[in-house]
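Encoded as structure tokens, the structure appears first; notes follow it.
The values are calculated or read from the model by the stated rules, or taken from the named source; none is laboratory data. Since this is a predicted model, take the numbers as computed values, not measurements. Note that we place each Cβ from the backbone using ideal geometry, even for glycine, and neighbour counts take in every protein chain shown.
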Amino acid sequence: NPYRIAVMVGSLRKASWNKKLADVIVSMAPAQLDFRFVRIDDLPLYNQDEDENQREPVRRMKQEVRSADGVLFVTPEYNRSIPGVLKNAIDHGSRPFGDSAWEGKPAGIVGASPGAMGSALSQQHLRNVLASLDMPTLAQPEAFVQVHDGVFDSKGGVSDEPLRMFLQGWLDRYAAWVAKFA
Ligand code: FNR
């Protein structure tokens, strides 16, 4: 059976580069990986008062993460960190204390930005967060994808051949990483 991977995209906008990148990665998935997108746009703002009575979207998200063998984060960079919507989802999944959905799940991080750093600083911040959640996170290769018009084609493929090859190699490394923890 393939490993099930929960995909968390840190941008909610329709034309998101990161969503496109996630779609491309999912379409390139090797047979060992079964990617499932996890919705985060309907989560309330995290409020610790609700820890003992988490709302339905929160319970659903945690269940989807729990049933996965690993988690792929595809994140933009907002002001040199991860977007609040992604941090909100992560915080929800980590609580109540002792009932985290993240613990031990092998993680992969990729991200896209039109900027030259390709979301590198956001990804570095995310590594800090995932370490505290005890998620073993693939260290290399790092995937800082600088995007521009024409990188992806209209059929959801990658026009940029070096990028396509890089992503294929990254996926193989991530699949091997997940297998280590299965
Ligand atoms: C940005 N952007 C941005 N880019 C970057 O490389 N470093 C940064 O620190 C920031 N900061 C930032 C803050 C906020 C609030 C916004 C809205 C945007 C630009 C960002 O990379 C660009 O909008 C991407 O297209 C966002 O990703 P999606 O939505 O296309 O996936």
- Those residues of region 92-101 that are of a type outside the set (A, V, I, L, M) and either under 16 Å from ILE5 (Cβ atoms) or buried (at least 18 other Cβ atoms within 10 Å of the Cβ) (or both) come to a total of 5
- Task: Identify, from the list ARG13, ARG4, ARG39, ARG60, the residue that is part of a helix (DSSP H, G or I) and either surrounded by fewer than 17 Cβ atoms within 10 Å (Cβ to Cβ) or among the hydroxyl-bearing types (Ser, Thr, Tyr) (or both).
- Result: ARG60
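Listed here are the residues, each with its yes/no results for (1) within 15 Å of the chain's Cα centre (by Cα); (2) more than 26 Å from ASN1 (Cα to Cα); (3) at pLDDT below 95.
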{"site": "PHE73", "(1), (2), (3)": "yes, no, no"}
{"site": "ASP134", "(1), (2), (3)": "no, no, no"}
{"site": "ALA139", "(1), (2), (3)": "yes, no, no"}
{"site": "GLN146", "(1), (2), (3)": "no, yes, no"}
- Which pairs have Cβ atoms under 8 Å, sit 6 or more apart or on different chains, and link a residue in region 38-52 that is hydroxyl-bearing (Ser, Thr, Tyr) to one that is surrounded by 14 or more Cβ atoms within 10 Å (Cβ to Cβ)? TYR46/ASN88; TYR46/ASP91; TYR46/HIS92; TYR46/ARG95
- Message: Looking at ARG55 and the list (1) in contact with a Pro (Cβ under 9 Å, 6 or more places away or on another chain); (2) crowded, with 18+ Cβ neighbours inside 10 Å; (3) without any contact (Cβ under 8 Å) to a residue 40 or more places away in the chain, which single condition is not satisfied?
- Response: (2)
- Note on the structure: Taking region 102-124 and the residues there that are touching a helix residue (DSSP H, G or I) at 6+ places or on another chain (Cβ under 9 Å) and surrounded by fewer than 16 Cβ atoms within 10 Å (Cβ to Cβ), the one that is nearest to ILE5 (Cα to Cα) would be GLY104
- Task: From the list ALA15, ALA6, ALA31, ALA22, pick out the single residue that is of a type outside the set (Val, Ile, Thr), within 16 Å of the ligand (Cβ to nearest atom) and in contact (Cβ under 8 Å) with a residue 12 or more places away in the chain.
- Result: ALA22
- Item | Subset of region 39-61 [of a type in the set (A, V, I, L, M) and within 16 Å of the ligand (Cβ to nearest atom)] | ILE40
